[in-house]
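The values are calculated or read from the model by the stated rules, or taken from the named source; none is laboratory data. Note that the structure is predicted; figures quoted are calculated from it, not measured. As a convention, Cβ positions derive from the backbone with ideal geometry for all residues, glycine included, and neighbour counts pool all protein chains shown. To get the accessible areas, we keep the full protein, side chains included, count just its heavy atoms, and leave off ligands, DNA and RNA. Shrake-Rupley method; radii C 1.70, N 1.55, O 1.52, S 1.80 Å.
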Amino acid sequence: FDPRHYLGTHCYGFPKTGSHRLRFLLESVTDLRETLKKKGSTLVVRKGKPEDVVSDLITQLGSVNAVAFHEEVGEIL
């Protein structure tokens with residue numbers, strides 16, 4: 001979870017992610033984690049800037065061959 005997605009917008013100060021959307025995201029991630037556990041897997045969830053969190057995670061894991069990302073569509077920088 002990138003904290004920047006939960007701050008106010010640049011121009012109008014409206015939250016980028018409202019409380020209902022945040023609750024939906026949290027419930028969805030919780031459900032996905034539970035589903036993966038039942039299948040013998042897991043889900044790694046972190047809070048922070050992706051450029052920092054991913055680097056730390058790669059360091060923790062030790063042997064990573066590839067990392068894939070997607071860019072948020074429609075986000076105004």
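Once both axes come from the Cα atoms, what is the angle between helix 50-61 and the longest principal axis of the chain, in degrees from 0 to 90, rounded to 10?
Approximately 10 degrees, to the nearest ten.
Between helix 19-38 and the chain, what is the angle of the helix's C-alpha long axis to the longest principal axis, kept within 0 to 90° and rounded to the nearest 10?
10
Pop out the carbon and sulfur fraction of the accessible area of region 3-61 as a percent, whole number, probe 1.4 Å.
Values: 2890 of 4980 Å².
Percent of accessible area from carbon and sulfur atoms in region 3-61: 58.
Among Ser28, Phe14, Val53, whose Cα lies farthest out toward the positive end of the dipole of region 3-61, if unit charges sit on the beta carbon of Lys, Arg (+1) and Asp, Glu (-1)?
Projecting each Cα onto the dipole axis, the largest value belongs to Ser28.
How much accessible area per residue does the chain have, counting only protein heavy atoms and a probe of 1.4 Å, in square angstrom? Mind showing how you got there, number by number?
Details: 6840 Å² over 77 residues.
Per residue, the chain has 89 Å² of solvent-accessible surface.
Quick check on region 22-77: what does the Kirkwood estimate of hydrodynamic radius come out to from the alpha carbon pairs, in Å?
Details: mean 1/r = 0.0732 Å⁻¹.
One over the average 1/r among Cα pairs gives 13.7 Å for region 22-77.
At 1.4 Å probe size, what's the solvent-accessible area of Ser19? Round to the nearest 10 Å².
90
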